[in-house]
Every structure is written in structure tokens, then in C-alpha cells.
Amino acid sequence: MTVLLTGGAGYIGAHVARLLKERDFDVVVVDDLTTGDSERIAGTDVVSFDLSADAAANDLSQIMKSRDITSVVHVAGKKQVGESVNNPTWYYRQNVHSMTNLLTAMQVNCVERLVFSSSAAVYGMPDVEEVDERVECSPINPYGQSKLVCEWMSRNAALAWGLRVANLRYFNVAGSGWSELKDPSALNLIPIVLKSLVEHRQPVVFGSNYPTPDGTCIRDYVHVLDLAAAHIDALEYLDRPDRSYDTFNVGTGTGASVYEVVNTISSHVGRKIQPVVDGRRAGDPARLIANVARIQNELGWKASYGLSEIISSAI
Ligand code: UFG
């Protein structure tokens with residue numbers, strides 16, 4: 001059984017690639033290598049092209065045919081909220097057109113299993129203690145909207161020609177499973193704070209007057225290694241005969257505030273950190289915690305790492 005893994009040279013994709021190989025899956029990676037780096041997955045077959053290009057459906061089809069692909073794990077995608085607000089059409093092209101190409105090639109080649117990297121961004125600003133998968137999706141930026149459109153596209157394919165789909169809605173992914181696979185982007189809270197320490201700057205907290213116990217935003221941080229394992233569980237789940245289309249939150253079910261994250265980093269590095277409080281960042285919900293009952297019950301998946309282990313692995 002050969003798995004086509006898109007985005008496999010990126011931070012999350014490389015964790016999925018390693019774990020798939022550890023579990024004896026054959027893997028072919030497609031990655032445009034704009035943010036990905038093939039060094040992360042040395043020894044794995046990597047084919048490099050832009051999934052959103054018009055020719056990509058044909059290129060994907062060739063790989064599916066020649067490599068006898070039976071399943072696809074689609075991790076590739078653009079994921080910066082701010083960038084998506086400034087350049088929405090390009091975001092739709094990148095995330096949605098890639099999905100069009102992928103589904104076209106899958107249908108032509110009768111490849112019937114898809115695990116898709118979705119995001120908690122599809123929920124928008126839900127006013128609930130814990131978000132479960134039945135909460136109405138109302139994404140508030142083109143990034144989240146593009147992920148939701150992809151979910152709809154695969155649902156339609158499931159209805160039309162029998163595609164089996166597991167959408168994984170990632171919460172706040174962080175940490176690293178192997179020291180050489182740390183998140184290099186410094187686009188999210190934990191790597192941003194770590195980078196500020198290296199550069200002897202004070203980290204910035206976006207808003208301390210939210211309706212939360214310490215006034216800062218609460219998020220559900222999930223270890224990238226746990227997240228990677230969820231993809232494998234999802235692939236195995238799609239092999240069950242009665243499965244067709246399903247969606248799962250991937251989080252821990254536990255929240256941590258920005259101050260809690262900063263304090264945990266502080267105790268791990270043995271240095272006092274005094275962040276600067278700035279204004280709220282547009283579009284930040286006060287609280288976003290996953291209800292994880294569905295993934296636990298259906299996939300038997302449960303996060304095994306907590307915030308402290310996530311942070312120690314990220315340092
Ligand atoms: N934050 C700060 N200072 C910073 C950076 C972040 O205070 O320098 C705060 C944010 O305001 C937010 C929290 O830290 O309250 C986490 O912010 P991130 O930017 O790390 O993550 P987000 O929750 O905004 O978004 C992340 C991913 C999205 C995904 C979402 C799902 O970046 O792609 O989680 O929960 F959709």
C-alpha cells in the first residue's frame with residue numbers, strides 16, 4: 001500500500017512522513033518545496049511541483065498510476081491567516097485549486113481514501129466552552145474559508161463517486177518529534193516566544209483583557225507527533241468497510257492561556273520572561289478548545305503529550 005503524501009517536506013508533513021515510514025507504509029511525497037525542505041525527509045521519494053498549477057492534475061495522475069497509490073494524505077497548503085486576508089484570491093488558488101487537481105486525479109485513478117488537513121479555523125469565533133464537530137462552521141478569514149470549501153469538495157466527491165474521507169481539524173500544533181524537525185517558521189506563539197528569547201527581545205502578548213481567567217486567549221496546543229499519529233489512525237479507519245465521510249477535531253481537550261504558555265517556557269528555559277502587552281489581534285477568539293470525544297471514540301486516538309512536553313520538545 002503506497003501513500004501519496006502532499007506537503008510531506010513541511011514541518012507537519014515531515015512528521016507524518018516519518019511516522020508512516022516507521023509503520024511500514026510506502027510513501028511518495030509531493031511538495032513544491034516553497035516552505036518545505038526535502039532534507040527533512042531524506043531517503044523518502046519526493047516529487048516537486050506546484051499542486052495548484054493547471055498541469056498538476058495530470059502530474060498527480062501519473063504518480064498515482066505509476067506508483068500504485070491507494071491513499072492520499074493531503075497536508076500541503078498555505079496556512080497564514082494574515083497572508084490570506086491580504087491576498088485572498090491567491091489563497092483560494094493555492095488551497096482550493098490544489099484540491100480540485102487532487103480530487104480529479106483521485107477519481108480518474110480510483111484512489112478512494114483521503115485524509116485531509118483541515119483546521120480549527122473553519123469554526124471562526126465559536127462562543128462555546130469546547131468546540132465539537134457539529135458546531136456550525138463560520139470561518140472569518142480566507143484561510144479558514146478555503147479549508148471549509150475543501151471539506152465541502154471532498155464531501156461532494158464522497159457522495160458522487162464513493163471517495164472515503166477523514167478531515168482532521170487541527171487545533172494549535174506545536175513541538176517536535178525529532179530535534180531536526182522543529183518548526184522553523186516562528187509564525188505561532190511557542191516558536192515566536194522562543195525566538196524572542198534567542199534575540200533578547202520581550203515577547204508580545206496580543207491582548208490581556210479577554211474574558212478568560214488571566215485575561216489572555218486560551219488555545220488547545222497539540223503535539224505535532226500526536227497529530228501525525230492521528231493521520232495514520234485516520235488512514236486505518238478509512239479501511240473499515242462502512243466508512244465514507246467523517247470529520248475529527250485533533251486537539252487535547254485542554255486549554256492553555258498565552259500567559260500559561262509563556263510561564264511554562266520560562267520554567268523550561270530557567271529564565272524569567274516579561275512579555276509586553278499589546279492590543280488584541282483582529283480575529284482572535286478568546287477561547288478555542290477542542291471537544292475530542294469523536295476522535296477518541298471513532299479512531300481510538302488520544303493525545304499523549306501535554307503543554308510541558310510540547311514546549312520541551314520545541315526548545
Ligand atoms: N499570540 C500572542 N503573541 C504572539 C503570537 C501569538 O499573544 O506573538 C497569541 C495569539 O493572539 C493567540 C495565541 O497566542 O491568542 C495563539 O496564536 P497563534 O498565532 O500561535 O495561533 P492561532 O490560534 O491564531 O492559530 C493557529 C494556527 C491556525 C489555526 C488555528 C487553529 O496558526 O492556522 O491555530 O486553532 F487555524
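The values are calculated or read from the model by the stated rules, or taken from the named source; none is laboratory data. Since this is a predicted model, take the numbers as computed values, not measurements. Cβ placement follows ideal geometry from the backbone for every residue including glycine, while neighbour counts extend to all protein chains displayed.
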Check: Out of all the residues in segment 239-258, which are surrounded by fewer than 19 Cβ atoms within 10 Å (Cβ to Cβ) and in contact (Cβ under 8 Å) with a residue 24 or more places away in the chain?
Finding: D239, R243, S244, Y245, G253, T254
Notebook entry, point to check: Quick one: how many residues across segment 264-312 are of a type outside the set (A, V, I, L, M, F, W, C) and within 16 Å of the ligand (Cβ to nearest atom)?
Noted result: 13
Note to self: Condition first: surrounded by fewer than 16 Cβ atoms within 10 Å (Cβ to Cβ) and either touching a Phe, Trp or Tyr at 6+ places or on another chain (Cβ under 9 Å) or polar (S, T, N, Q) (or both). Now tell me which residues in segment 192-225 satisfy that.
What the structure shows: Q202, N209, D214
Next item on the list: State whether the residues of segment 156-165 include one that is more than 9 Å from the ligand (Cβ to nearest atom) and under 15 Å from the mean Cα position of the chain (by Cα).
Entry: no
Note to self: When you scan segment 176-191, do you find a residue that is out of contact with any Phe, Trp or Tyr (no Cβ under 8 Å at 6 or more places or on another chain), in a helix (DSSP H, G or I) and within 8 Å of the ligand (Cβ to nearest atom), even just one?
What the structure shows: yes
Check: Counting only residues that are closer than 30 Å to L5 by Cα and not in a helix (DSSP H, G or I), which one in segment 210-241 is nearest to the ligand (Cβ to nearest atom)?
Finding: R219
Next item on the list: Evaluate segment 142-151: report whether one residue or more is at pLDDT 95 or above, under 18 Å from F116 (Cβ atoms) and polar (S, T, N, Q).
Entry: yes
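Table: residues versus (1) under 22 Å from R23 (Cβ atoms); (2) at pLDDT below 95.
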residue	(1), (2)
L227	yes, no
A230	yes, no
Y237	yes, no
R240	yes, yes
T252	no, no
G255	no, no
S266	no, no
R281	no, yes
G300	yes, no
Next item on the list: May I ask you to list pairs of residues, at least six apart or on different chains, whose Cβ atoms are under 6 Å apart, with the first in segment 58-83 being over 16 Å from T2 (Cα atoms) and in the same structural domain as G144 (by the TED database) and the second being aromatic (F, W, Y) and outside any helix (DSSP H, G or I)?
Entry: D59/F49
Next item on the list: Taking the residues in segment 115-155 that are free of Cβ contacts under 8 Å to residues at least 12 places away in the same chain and closer than 15 Å to A290 by Cβ as candidates, determine which candidate is nearest to the ligand (Cβ to nearest atom).
Entry: V128
Checklist line | Every pair of residues 6+ apart whose Cβ atoms lie under 6 Å, when the first sits in segment 10-29 and is outside the structural domain of S48 (by the TED database) and touching a residue at least 24 places away in the same chain (Cβ under 8 Å) while the second is β-branched (V, I, T) and in a strand (DSSP E or B) | finding: none
Next item on the list: Inspect all residues belonging to segment 40-50 and state whether any of them is buried (at least 24 other Cβ atoms within 10 Å of the Cβ), of a type in the set (G, A, S) and over 20 Å from G175 (Cα atoms).
Entry: no
Checklist line | Out of Y210, Y245, Y221, Y259, sole residue that is of a type in the set (S, T, Y) and closer than 20 Å to R164 by Cβ | finding: Y245
Check: Taking P88, is it over 22 Å from D242 (Cα atoms) and surrounded by fewer than 17 Cβ atoms within 10 Å (Cβ to Cβ)?
Finding: yes
Next item on the list: Starting from segment 187-202, take each residue that is charged (D, E, K, R) and list its partners that are in a loop (DSSP other than H, G, I, E, B), counting only C-beta distances under 6 angstrom and pairs at least six apart or across chains.
Entry: K195/A186
